[in-house]
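Notes follow once the structure below has been shown.
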Amino acid sequence: MSVTLPLTLAAVVAGIAGTGAAAGVVRRRARVDGWAVLAGLLAAAAVGAAALVWTGTLPSGQIRWGFTAMHLLYLGLTVSLPLLGLGLVVLRLRAGGGRLVLVGAGLLLLPAPVGAYATHVEPTWLRVDEVAVPVDGGRAGDDPVRVAVLADYQTLQVGDHERAAVDAVLASEPDLVLVAGDLFQGPPERLAAELPALRADLGRLRAPHGVYVVRGDSDLGDSADRIFRGSGAVILDDEVVEVAVGDRTVRIGGTTLAGGLPGDEGGDCVRAELAATPDDEAVTVLLSHRPDTVLGLAPGAVDLVVAGHTHGGQVVVPGFGPPLTLTDVPRHVARGGLHEVDGNAVYVSPGVGVERGRAPQVRLFNRPAVGVLTLADRPS
C-alpha cells in the first residue's frame, strides 16, 4: 500500500504539535525566543519518530524502512517545518520577540515551495535527451542508427505524462526503440484494472526495425508479457537478436533482471556473445534494466550499454550528485546520460516515472527523460 497519505497526515500533525509546544513556552515566557523554537523542533521531531514506528506496522507487500524514513524526512522538511515556521510567525506577531525569531521562522518556511516544485512540477516536466554515441570506425556500413530509449515508465495510472513520453519517442522517428524495464508499479489487482490503458499507450511504440524490451524490478511475473501482448514488441530474456538498419547490422542483447548482474550464467552468455562479434561485422548494443551489467565487461566488449533503474537518483544535490542510486556503478554514471565505464560506453536513462510505494514520489534537479541516441562512426 502507499504510505503517502498517512505520512503526510503525520507530517501535518508534527507541524501542529511543534507549534503547540512553542506556544506553551511562549505562554510561560511571555515572548517568542530560542527556547520556544527549540521546543517546537523537538516536539515535531518526536511526532515524526513516532509516525515512522507506526508506519512500520501498516500492511505492505514490501516493507522498506529506508524508503519510509526518506519519505518521512522529506515530508518533515517540506510540510512539518514550514507549518512550524508559520506558527512561529503568528506567535511572534501576537506575543513579540526578537528579529532573529522571524529570520528563523522564514528559514523554516523556505522548504515549502521547494517541496511543491519537487512533488508537483518536476516529476512531469519531461525532457528529451539527444545524445550522439560515437562508434569505432571499421564496422560494416556507414548509416547512423537512431535509437529511442524509454525506461522506468513505472506508473500506477496512465495519464498525460506517460502518454507524452510515448509521444516523444514516436516524434523522434527512431530506427529502434529500447525499453529498459519497470513498466508498472502496483499490486496485481491494480495492474488488472490498468492493463487496457497500459496496452493502449505502450502498444503505440513503433519503429521500422523493432521495439525491444527487458524486464525490470517492478515487472513481476508475466506483467510485461501481458502489457505488450499483440503489440509486436519483443521481450528479450537473455537473448541476442540481429537486425539490419540501413547498411548497418545491429546486434541487440537483452538480459533478464538476474542476467543483468555479472556472474549470472544467462546474462554472461549474452555479454560473451556480443563481445565475440567481429569488429568489422556489426554494431553491438547490450540492453539491461540495471546499469551494473557494464561492470566486469572487457574494455570495448560492446559498442553501447543501455540501462535504466536508477531514475538518475530522482533527487540530485548540486556539487555532489544523487544521494541514493541503488547500483554499484559510479555516482556520476547513475546520475544518467552517456558515460564510459572501463572502456565501454553506457547510457543510463533518468527514466520517466518515480519510485512509488513507500518512497517519496519526487524529483529535484533531475527531470524525467526519454533518450534519443544516434550511433554513428567516430569522426576520423
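Can you name every residue in the stretch 336-367 that is part of a loop (DSSP other than H, G, I, E, B) and either within 22 Å of PRO299 (Cα to Cα) or of a type in the set (Gly, Ala, Ser) (or both)?
GLY336, ASP342, GLY343, SER349, GLY351, GLY353, GLY357, ALA359, listed by residue number.
Does GLY137 satisfy the condition of being farther than 20 Å from GLY216 by Cβ and over 23 Å from the mean Cα position of the chain (by Cα)?
Details: farther than 20 Å from GLY216 by Cβ: yes; over 23 Å from the mean Cα position of the chain (by Cα): yes.
Considered against the rule, which asks whether it is farther than 20 Å from GLY216 by Cβ and over 23 Å from the mean Cα position of the chain (by Cα), GLY137 comes out as yes.
Just one of the numbered conditions (1) more than 27 Å from GLU273 (Cα to Cα); (2) modelled with pLDDT under 95 is not true of LEU261: (1).
GLY137 fulfils the conditions (1) more than 30 Å from GLU189 (Cβ to Cβ); (2) in contact with an Asp or Glu (Cβ under 8 Å, 6 or more places away or on another chain); (3) not in a loop (DSSP other than H, G, I, E, B) except for a single criterion, (3).
Are any of the residues in the stretch 175-184 of a type in the set (A, V, I, L, M), touching a Phe, Trp or Tyr at 6+ places or on another chain (Cβ under 7 Å) and farther than 19 Å from GLY253 by Cβ? Checked the stretch 175-184: at least one residue is of a type in the set (A, V, I, L, M), touching a Phe, Trp or Tyr at 6+ places or on another chain (Cβ under 7 Å) and farther than 19 Å from GLY253 by Cβ. Among the conditions (1) surrounded by fewer than 19 Cβ atoms within 10 Å (Cβ to Cβ); (2) closer than 23 Å to ALA192 by Cβ; (3) of a type in the set (A, V, I, L, M), the only one that ALA244 does not satisfy is (2). Scan the stretch 115-137 and tell me whether some residue there is of a type outside the set (S, T, N, Q), farther than 30 Å from HIS161 by Cα and not assigned by TED's automatic domain parsing to the domain that holds VAL305. Within the stretch 115-137, not a single residue is of a type outside the set (S, T, N, Q), farther than 30 Å from HIS161 by Cα and not assigned by TED's automatic domain parsing to the domain that holds VAL305. Number of residues in the stretch 140-168 that are out of contact with any Leu (no Cβ under 9 Å at 6 or more places or on another chain) and either among the charged types (D, E, K, R) or under 23 Å from ASP217 (Cβ atoms) (or both) equals 8.
A quick yes/no check of all residues on (1) more than 26 Å from GLN361 (Cβ to Cβ); (2) touching a residue at least 12 places away in the same chain (Cβ under 8 Å):
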residue	(1), (2)
ARG290	no, yes
ALA298	yes, yes
ALA307	no, yes
HIS311	no, yes
PHE320	no, no
VAL333	no, yes
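The values are calculated or read from the model by the stated rules, or taken from the named source; none is laboratory data. Source: prediction; values computed, not measured. Cβ sites come from the backbone with ideal geometry, for glycine too, and all protein chains shown count toward neighbours.
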